[in-house]
Structure formats: structure tokens, C-alpha cells
Amino acid sequence: MNNTSIHFLYNTVLKSPDKACAIDDQGTITFANFFTKAYCIAKLLGQQGILNQPILVYLPKGNAAIISFAASLLSGNFYVPIDIKSPQKRIRTILSNLQPRIVISSITLKERLQELGIPLQDIIFLENIDYTSTLFIEAMIEECKSMTDQIIDCDPCYIMFTSGSTGTPKGVVVPHRGVMDYIEWAIACLQVDNSDIIGNQAPLFFDNSTLDIYLSWATGATINFIPESLFLFPIKLIEYLENNQITFIFFVPSVLVSVSKMQLLSPERLPSLRKIVFAGEVMPTKHLAYWQTQLPNKSYINLYGPTEITVDCTYFFVDRIYNTEETLPIGYPCQNSGVIILTNDNRLAKNGEQGELCVRGSSLALGYWNAPEKTEEVFCQNPLQKNYADRIYRTGDLVMKNEKGQILFIGRIDSQIKHMGYRIELGEIETAADALHCIDKCCILYNQQSKEIVLFYESMEEQTVATLKKGLSEQLPNYMIPRKYIYLQKLPINANGKIDRKSLAEKLQ
């Protein structure tokens, strides 16, 4: 029985020591070399006399970062990735909340770390470590097990800091069992094996990266860290995927939309690619249809889930080409994910009835680090179960089941507005706008001060208000038609690759 997620790596390094584990702009590292480096860092961490404590990883995306993740786990502790490009004020807030005992970083980042006020004695610089070992892999694993055997599956595996509604980042504490359940499901459902080359897009401080990393560790697949700059140039991105024979991608929809907008695909492109997985935001069906039409012999999988339930809790293998006005299902619960839909009065919603998507089970995060009040707000007792403790996470997402029992995402509960006496889901307006041929990408916000529904849109050229209103009036009632239209050559994108709604909201002030 495995008690921690690092057992995935134990098993793979024994089976495939000479296989390519990870590729970044510095080169390729085999599983044996990867594990040896992680072991050497773990030994140093072990000498600090800490167990089950947060290890802050302050490094750019790449091999060194995930080696540091593995080292944290091998030492019986857990890792906390951070966006080194974040404003110093935000990082200080995270540090104040986290209070990490040890920081793993690079000498090249020493000045920034000193500006953050981190004592040098609390920092392990990777360049100062001796990575040589006289031990065989088996002996290194046995030594590491003396530390990891002290950990149980409900102990933390990692903390991801997400943005909070109050402006204060929240540290989501994810247990080993959540990761193990998720990856065991993913291997079976997505059918990933050691022949796969995973093209990574997600930043390591974004939970989508969990799938890429642990699929590699569990199956022996190679993870290829696609240079971040390529996501600004879709033509070069496609060339990189082809040249590196990428077989599996897990991208945010915005990346796929950028490729679709530029009409870069044709049936002979991306011959190695087998599976296109996407999550993180709604995938516009017209752009998905372009991918399906140009590359019809690939698998397209829509995943859904917040960080608090270990990455994803539902999945949908796209079974046909959907019309532009249709909603793409988020599908069915992943194995061992207890998905329930609760109405406002805490009843189980019927098919066709809207409700809040809630999740129960071992995939749930342990809560928010050092924030018990925030934890209690959304991690609470299942109202359908009165006889024993049954914890659920309230996602704040509004969904419903269709006649086939497929779950459809409608929008955020907090994006439901009262306008002109009507209750309106902004997500419904966004879906309608996305369906317009003249719009490439869009975002709908509500200006509370002026009581206006506002459409921000990206297009090849600015459209007339009359054109947009006419197109929307064919899909929506008059009271849902936006009052204001703001054209942008490029919608802002946040660090995770999603539309930066916060930045757009500031334009309404």
C-alpha cells in the first residue's frame, strides 16, 4: 500500500532509470539522474531535522523546480511552488502566511530573496549542492523511505496559492491521497504510458501542472517544458510540438483558441499528437470545432475542477462536433470523486435543475493553510448526510445535468446578477457572444455602479455595435443584451494562461 505520491517515482526510477524524465531549455535528464539529484537535496533537507513542513520552491519552471518538488517529498516534507514573477508585495503576503522553514532556490535569485527578507541560512541554493552519490538507486530509495514512511496519505503533498476574493492569496493544502487518486484515475482514463511525451504549458504554481508532473513520474512518460515565450507565437508553438513529437497536451482553452484564430492547422499537422486535454476555463465550441475538423483523429477531453479538489473532478471525452450555441459538457465524475449538485435549499438537484456543484471524498484539500475561517466557509458538512461527518467542498460553480446525465457548467454563482428585475447568468451571455463569427474571444462583466452589462471582445477588427447587438439578439432576450462594448486587439491573459478578468474589471472603474 502506498502512503505517499512519491512512490510513483520510486517505482518508475527502478523500471526505467535510463529513460528521459524531463526536458527543458537546459537539456534532458534521465529518471536516474533526476532521482539522484532529488536524493542529494533531500539528504540536505533531512539534516535540517524537519518533517511534514512546507518547503518553498522559488525557481522558474523547468527541471530544477520539479527536482526540488521531488526532493521535498523524499525528505518527508511538502513543496510550495511560487510565481517568482509575482509582485514582491504578494510574495511577502504568502511568506507571512506560510512561514516556510526552508527555501530552495538558485544563486541567480539571491538578490530577490534578500529583498524579500529571507535569511540566507534558510535558503538552499542548488548550485552549492554536491550531486554525486556512491549509492545504487535501490539504496537511495531505501534511505529515503526512512523519511517518507513517517508520512501518511492524508498528510500534505503540496500547497498551491490561489487568488482570494479579498485580495489575499489562499494556500490550498492538497494531501497525498488526493494526488494518488487523481493520477490513478488519469492513467486508466486518459491511457497515458511511458511512450508518451507530455508537452507542459501550465505554470508549476498552477494546479494543472500536477497532471503533467505526476503522469510522468507514475508512467515513465517524458515531460517536455515548452518554452513560455512560444505561447505568444502560435505558429512557433505548433512547430515545437511537431519537432519534439509531443503526444499529449493539457492546455488552457485560451492557447487552443489562439491557434484556431490564426487557422494554423491542417490534417497533416501534429502527426504525433494523440490527446488534447483542456481545462481551466470554458472552451468555446466554435474553436474546438476547428481543431476537430482539422485534426479529426485525435482525442479531445474536457476536464473540470478547482484546486481545492486536487485538480479535476469531472471529465468529458468530446463525442461530436458541437454547434456554436451549444454548451460543451464537463461530463461525468472522475472515479472516486463524489460529485453532488445542491439547490439553494440544500436538496439534490434533479436533471435540468440548476444547483451548486459540490465535491466530497479523498480528493478534497485539507483546507487553506493557516486560514481556519476561510476553510470553514467552503469545506463543510454534507447537508444530505446527518449521521456521520461527511465533508464537502462548495465550489461556487453553478451547474445542471442534461437529459443524458451529463453535467453542464453554467457559470459562477457570484457571476449571477440581478438586472432590470431579472436574474441573469453572465456565463450564458458569454457563450452567446463566443458563438458570433466576428468574435474570437470575449469576456462579460457587470458594472454595478452604472448597472451595465459589458462585453469585452477580441477580434481581427473592431465591430459595429449594431452588428454585435444583432448577432446577440438572435440568441438572447433583450434584457440580456450588453449595453457597452469594448474592443481590444488582445484580451489580457494572466499567468495561468486564462483571461485576466480582474484586469478587465479595473477598466470598469
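Just so you know, all these numbers are worked out from the coordinates, no wet-lab data involved. These figures come from a predicted structure and were not determined experimentally. Neighbour counts run over all protein chains shown; Cβ positions are idealised from the backbone, glycine included.
Go ahead and run the numbers for FRET between Ser86 and Gln26, Cβ-Cβ distance against an R0 of 25 Å, rounding to 0.05. Mind dumping the intermediate values first?
On the way: r = 23 Å, r/R0 = 0.92.
E between Ser86 and Gln26, to the nearest 0.05, is 0.65.
Quick one: work out the % antiparallel among DSSP beta bridges in the chain, nearest 5. Don't jump to the answer; show the numbers that get you there.
On the way: 50 of 83 bridges.
Taking every DSSP beta bridge with both residues in the chain, the antiparallel ones total about 60 percent.
Is the shape of the stretch 140-234 rounded, prolate or oblate, going by the alpha carbon gyration tensor and its root eigenvalues a ≥ b ≥ c, with a/c under 1.5 for rounded and a/b larger than b/c for prolate?
Details: a/c = 1.89, a/b = 1.09, b/c = 1.74.
In terms of gyration-tensor shape, oblate.
Can you grab the distance from the C-alpha centre of the stretch 61-106 to the C-alpha centre of the stretch 200-224, Å, no decimals?
About 17 Å separates the Cα centre of the stretch 61-106 from the one of the stretch 200-224.
Cα axis of helix 234-243 to longest principal axis of the chain: angle in degrees, 0 to 90, nearest 10?
40 degrees
May I ask you to compute the full-extension gain from Leu14 to Gln509, defined as 0.36 nm times their residue separation minus their alpha-carbon distance, rounded to one decimal in nm? Display every interim value, and only then the final one.
Numbers: separation 495, 0.36 × 495 = 178.20 nm, distance 5.73 nm.
Additional length available on full extension: 172.5 nm.
List every residue whose amide H lies under 5 Å from the amide H of Cys157, counting only residues 5 or more places away in sequence or on a different chain, with H placed 1.01 Å from N in the peptide plane.
Excluding prolines and chain starts, which carry no amide H, the hits are Val174, His176.
So, in nm, how far is label Ser473 from label Glu403 when the simple model puts each one 7 Å beyond its Cα toward the Cβ?
According to this spin-label approximation, the distance is 3.1 nm.
Calculated FRET efficiency, Leu384 and Gln335, Cβ-Cβ r, R0 22 Å, to nearest 0.05?
Working: r = 21 Å, r/R0 = 0.94.
Working from the Cβ atoms, E equals 0.60.
Starting from the Cα of Asp414, step 7 Å toward the Cβ, then list every residue of the stretch 358-379 with an amide N under 19 Å from that point.
Zone members listed by number: 358-359, 365, 367-379.
Can you tell me the order of 115-124, 402-411 when each peptide is scored by its average per-residue count of other Cβ atoms within 10 angstrom, highest first? Don't skip to the end; give the middle numbers.
On the way: 115-124: 12.9, 402-411: 15.8.
Peptide ranking by packing, descending: 402-411, 115-124.
For the chain, take every pair of Cα atoms, bin their distances at 20 Å starting from 0, and report each bin as a whole percent.
22, 56, 21, 1
Sort 304-312, 264-272 by the packing proxy (mean of other Cβ within 10 Å over each peptide's residues), most packed first. Present the calculation step by step, with values, prior to reporting the outcome.
Working: 304-312: 25.8, 264-272: 14.1.
Ranked by mean Cβ neighbours within 10 Å, highest first: 304-312, 264-272.
Mind pulling the angle between the C-alpha long axis of helix 285-294 and the longest principal axis of the chain? Nearest 10 degrees, somewhere in 0 to 90.
The angle comes out near 70 degrees.
First select every other residue whose beta carbon is under 15 angstrom from the beta carbon of Asp130; then total the charges, Lys and Arg +1, Asp and Glu -1.
Values: positive: Lys37, Lys43; negative: Glu127.
Residues near Asp130 contribute +1 overall.
For a 19 Å ceiling on Cα separation, which of these pairs sit above it: Lys350/Lys374; Lys451/Lys484; Lys451/Lys507; Lys484/Lys507; Lys61/Lys145; Lys286/Lys401? Show your work: numbers first, answer last.
Working: Lys350/Lys374 30 Å; Lys451/Lys484 11 Å; Lys451/Lys507 15 Å; Lys484/Lys507 12 Å; Lys61/Lys145 27 Å; Lys286/Lys401 22 Å.
Pairs exceeding 19 Å: Lys350/Lys374; Lys61/Lys145; Lys286/Lys401.
Can you compute 3J(HN,Hα) from phi for each residue in the stretch 405-415, using the Karplus curve 6.51 cos²θ - 1.76 cosθ + 1.60 with θ = phi - 60°, rounded to whole Hz and x for Gly and Pro?
These are the phi-based 3J(HN,Hα) values: x, 7, 7, 10, 7, 9, x, 6, 4, 7, 9 Hz.
Output the peptides 175-184, 46-55, 424-433 sorted from most to least packed, where packing is the average of other Cβ atoms within 10 Å over each peptide's residues. Mind dumping the intermediate values first?
Working: 175-184: 23.6, 46-55: 16.0, 424-433: 21.7.
In descending order of packing, they fall as 175-184, 424-433, 46-55.
By DSSP, what percent of the beta bridges with both residues in the stretch 7-225 are antiparallel, rounded to the nearest 5?
Details: 10 of 28 bridges.
Around 35 percent of the beta bridges assigned by DSSP in the stretch 7-225 are antiparallel ones.
Give, rounded to the nearest 20 debye, the magnitude of the charge dipole that the stretch 1-88 has about its Cα centre when Lys and Arg contribute +1 at Cβ and Asp and Glu contribute -1 at Cβ. Mind showing how you got there, number by number?
Values: 6 positive and 4 negative charges, 25 e Å.
For this selection, approximately 120 debye.
Taking K and R as +1 and D and E as -1, what net charge do the other residues with C-beta under 11 Å from the C-beta of Asn447 add up to?
Numbers: positive: Lys451, Arg483, Lys484, Lys507; negative: Glu452.
Neighbour charge sum, excluding Asn447 itself: +3.
Can you give the alpha-carbon Rg of the stretch 7-225 over 2.2 N^0.38 Å, where N counts its residues? Don't skip to the end; give the middle numbers.
Details: Rg = 16.5 Å, N = 219, 2.2 N^0.38 = 17.1 Å.
Relative to the rule-of-thumb radius for its length, the stretch 7-225 sits at 0.97.
Mind checking the full-extension length gain between Ile50 and Ile152? Use 0.36 nm per residue of separation minus the Cα-Cα distance, one decimal, nm.
Values: separation 102, 0.36 × 102 = 36.72 nm, distance 1.57 nm.
Net length gain for the segment: 35.1 nm.
Along the charge dipole of the chain, pointing to its positive end and built from +1/-1 on Cβ of Lys, Arg, Asp and Glu, which listed residue (Gln381, Ala495, Asn447) has its Cα farthest out?
Ranked along the dipole, the leading option is Asn447.
Using +1 at the Cβ of each Lys and Arg and -1 at the Cβ of each Asp and Glu in the stretch 7-225, identify which of Met140, Val174, Gly117 lies farthest towards the dipole's positive end.
Ranked along the dipole, the leading option is Gly117.
Over the Cα atoms of the stretch 177-294, Rg to Rh with Kirkwood Rh, two decimal places? If you can, show how the numbers build up before the last one.
Values: Rg = 13.9 Å, Rh = 14.6 Å.
Result: Rg/Rh = 0.95.
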